[in-house]
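The values are calculated or read from the model by the stated rules, or taken from the named source; none is laboratory data. Quick caveat, the model's predicted, so the values are computed rather than measured. All Cβ positions, even for glycine, are placed from backbone atoms using ideal geometry, and neighbour counts span all protein chains on display. With ligands, DNA and RNA removed, areas are computed over all heavy atoms of the protein, side chains included. Shrake-Rupley method; radii C 1.70, N 1.55, O 1.52, S 1.80 Å.
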Amino acid sequence: MRFDEPLTLRSGATIAGYELVYETYGTLNAARTNAVLVCHALNAGHHVAGYYAERPDEIGWWDSMVGPGKPVDTDRFFVLGVNNLGSCFGSTGPMSPNPATGKPYGPDFPVVTVEDWVHAQARLADALGIERFAVVMGGSLGGMQALAWTYLYPERIAHCLAAATAPKLSAQNIAFNEVARRAIITDPDFHGGSFYEHGVVPARGLQVARMIGHITYLSDDVMAEKFGRALRRRVDEVVLRDDYRFTFDVEFEIESYLRYQGEKFSKYFDANTYLLITRALDYFDPALAFDGDLARALASAQADFLIVSFTTDWRFAPERSREIVEALLANGRRVTYAEVDAPHGHDAFLLEDPQYLAVVRSWFERVAARVRAAGEDAAPVPAPAAGAQPVAEAQP
């Protein structure tokens, strides 16, 4: 969807005109009150669930969560997935033409923040006739966006689900992001962010950035279980059990896995987008304007909350979620907190853990009951740009 009204960003810069790509699932009810906004994390986008008819291998990134009969049941809820500004999956970003030059924005695309994304999402909701969301939800960076909705637009969100997230990044997390960014910026093919003009991609930098990310997304237990110290060998190679090659090529299975993930990532993700999104992660800190007092920062929130953490998530550890819970309770908010004993690390919020999905399903059952009790399940009307299930439909 095209927006011509300038959007003023937190940095003071403006985007004169921009497009947001989105997908929808399910049907909006007559009162337009069963809408659920799903906010994406770093390398995801608007394609939340289902698949494209012409690309059946590209399943939505949260397909285990969203769909008919799933925890976020699209037979009951109208689900909206939005690709954020600065991304590389259709919405206006560094790869888009800069109206001032006719060339891709590249490094001239302004730095965006979580709050900027939320303001843009609110404009999209206005255009779709959604005055209030039944739920705004997300994991990791998506959870930060969901939290931001509660204090930026408190009257427009009834419930908030934030999984595997934090009220701000730790110094360690910022450090990981900086190392990943330096890998990209120091790649000779980066050309100061203007690599499009040179017909190249800083693939080596992107690969290293993704490898660093994957290390932080997985728990030590999962890496040990999946790979251990197993050596990487060709099928036709006959070697002794502990026969090293004594080279710096791939020696262990974990090395092969990381290189594969890095190479795959470098073929579909934009380097400038990676810089923008990791910086948005760094900047998120709602308590900054309140002398570090998170309770004061969230004082305007009116929503009911579900906060989910995972025991082995060392990047966004459970104690960070508990900080959010404590701040909300200090404000008298209704909060459900689940600390799920899952072995998968940070990626657990994307996976089909039975306990996790059961918690979300139960919570959404209560949300649906409140919608019904309020008489908000009136006869459905044609939803704006609604996608089909199970095949998702992109909406530019």
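Here are some residues: E251, E225, E263, E197. Which one is acidic (D, E) and closer than 25 Å to W314 by Cβ?
E225
Being within 21 Å of the chain's Cα centre (by Cα), modelled with pLDDT under 95 and surrounded by 12 or more Cβ atoms within 10 Å (Cβ to Cβ), is that true of even one residue in segment 177-198?
no
Working only within segment 273-311, note down all residues that are open to solvent by 20 Å² or more (accessible area, probe 1.4 Å), assigned to a loop (DSSP other than H, G, I, E, B) and hydrophobic (A, V, I, L, M, F, W, C).
Result: A299, single match.
List every residue pair whose Cβ atoms sit under 8 Å apart, with the two residues 6 or more apart in sequence or on different chains, where the first one lies in segment 134-160 and is on the phi > 0 side of the Ramachandran plot and the second, anywhere, is among the aromatic types (F, W, Y) and part of a helix (DSSP H, G or I).
Pairs found: S140/F349.
Quick check: is even one residue across segment 312-326 closer than 25 Å to A49 by Cα and either assigned to a loop (DSSP other than H, G, I, E, B) or at pLDDT 95 or above (or both)?
Within segment 312-326 (the criterion being closer than 25 Å to A49 by Cα and either assigned to a loop (DSSP other than H, G, I, E, B) or at pLDDT 95 or above (or both)), the answer is yes, since at least one residue qualifies.
Report yes if some residue within segment 212-229 is basic (K, R), assigned to a helix (DSSP H, G or I) and within 20 Å of Y268 (Cα to Cα); otherwise report no.
Looking for residues that are basic (K, R), assigned to a helix (DSSP H, G or I) and within 20 Å of Y268 (Cα to Cα), one finds none in segment 212-229, hence no.
Could you tell me whether P107 is outside any loop (DSSP other than H, G, I, E, B) and touching a Ser or Thr at 6+ places or on another chain (Cβ under 8 Å)?
Yes; evaluated as a whole, the condition is true for this residue.
Results for (1) touching a helix residue (DSSP H, G or I) at 6+ places or on another chain (Cβ under 9 Å); (2) without any contact (Cβ under 8 Å) to a residue 12 or more places away in the chain; (3) under 27 Å from I184 (Cβ atoms), shown as yes or no for each residue.
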{"position": "E23", "(1), (2), (3)": "no, no, no"}
{"position": "N34", "(1), (2), (3)": "yes, no, no"}
{"position": "A44", "(1), (2), (3)": "yes, no, yes"}
{"position": "A49", "(1), (2), (3)": "no, no, no"}
{"position": "E58", "(1), (2), (3)": "no, yes, yes"}
{"position": "C88", "(1), (2), (3)": "yes, no, yes"}
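For residues that are out of contact with any Leu (no Cβ under 8 Å at 6 or more places or on another chain), of a type in the set (S, T, Y) and surrounded by fewer than 21 Cβ atoms within 10 Å (Cβ to Cβ), tally how many sit in segment 62-119.
Here the count works out to 2.
Give the residues of segment 198-235 that are in contact with a Pro (Cβ under 9 Å, 6 or more places away or on another chain), more than 16 Å from E263 (Cβ to Cβ) and not aliphatic (A, V, I, L, M), sorted by residue number.
Selection gives S219, D221, E225.
Scan segment 119-137 and tell me whether some residue there is of a type in the set (S, T, N, Q) and not in a helix (DSSP H, G or I).
no
Run A342 past the list (1) of a type in the set (A, V, I, L, M); (2) in a helix (DSSP H, G or I); (3) modelled with pLDDT under 95 and report the number of the one that doesn't hold.
Among (1) of a type in the set (A, V, I, L, M); (2) in a helix (DSSP H, G or I); (3) modelled with pLDDT under 95, A342 violates only (2).
When the residues of segment 228-246 are filtered to those that are modelled with pLDDT of 80 or more, under 38 Å from the mean Cα position of the chain (by Cα) and open to solvent by 50 Å² or more (accessible area, probe 1.4 Å), which remaining residue is farthest from A317 (Cα to Cα)?
Only one residue tops the list, namely R232.
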